[in-house]
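All of the numbers you see were taken from the coordinates with simple rules; none came from a lab. This is a predicted model, so every value here is computed, not measured. No Cβ is skipped: glycine too gets one built from the backbone with ideal geometry, and neighbour counts run over all protein chains shown.
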Amino acid sequence: MVKTAVRQSLKAPRSCNRETRRVYAAYDQKLKNYLLSYQNGNRGFGHKLGVVLLVTVDLRQFDLIGERNQGWIDGGLFAMSLVYALHAASLGTCMLNWSEDCKSDKRIRGAFKIPDHEIIITMIGAGHVPHKFEVTASPAPNVEEVLSIIETQTLDL
């Protein structure tokens, strides 16, 4: 299922059709536990995940100053497409942010042989969802709080 989801996710938009996205998949419980020990947002469910995915981007194709953030943008689009593809395969997912210091980043890179030219975008936990489970309430804002309509008369053109 994961291989199919990754294949489908490769259709996600990317800069100038450059192929920079990568996924590392950990199925082994020891490997999953090691990865998850570096991410604090998985308490209470991390041990139940069937797979932990590490999404990275190869930076070697982004060489202009204006492209300095493009890896995170392309990687984020790819990660979201991967989550949608996993959901389409009836797997539950949870984005697990990678906001770690250099020391932790280097440890994960070393353990999983991630080259220096790749940046870690995010982890994604995935697995089969039980029929009944509890989730944390996370209400979305009203659309009016997010959407601003720009009209010609409000601009100084």
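Order 8-20, 135-147 from most to least packed using the mean count of other Cβ atoms within 10 Å.
Values: 8-20: 14.1, 135-147: 6.6.
In decreasing order of mean packing, 8-20, 135-147 become 8-20, 135-147.
Taking Lys and Arg as +1 and Asp and Glu as -1, the other residues whose beta-carbon sits under 11 Å from that of F78 total +2. With R₀ fixed at 41 Å, the C-beta to C-beta distance from Y27 to V146 puts the FRET efficiency at about 0.65. Annotation: amide H-H contacts under 5 Å for E118 (H modelled 1.01 Å from N, sequence separation of 5 or more, or interchain): L59.
For a protection proxy built on the mean count of beta-carbon atoms within 10 angstrom, sort 102-109, 62-69 highest first, please. Don't skip to the answer; put the middle values down first.
Numbers: 102-109: 13.5, 62-69: 10.4.
Descending packing order for the listed peptides: 102-109, 62-69.
Taking a span of 20 Å or more along the helix axis (Cα atoms) and a mean Kyte-Doolittle hydropathy of at least -1.0 as the rule, the DSSP H helices of the chain that qualify are 70-88.
Working out 0.36 nm times the residue gap between K3 and T136, then minus their Cα-Cα distance, what length gain in nm do you get to one decimal?
Values: separation 133, 0.36 × 133 = 47.88 nm, distance 2.91 nm.
That works out to 45.0 nm of additional length.
Coordinate range of the alpha-carbon atoms in the chain per principal axis, descending: 59, 42, 31 Å. Basic side chains Lys and Arg get +1 at the Cβ, acidic Asp and Glu get -1 at the Cβ, and with that the dipole of the chain about its Cα centre reaches some 1020 debye.
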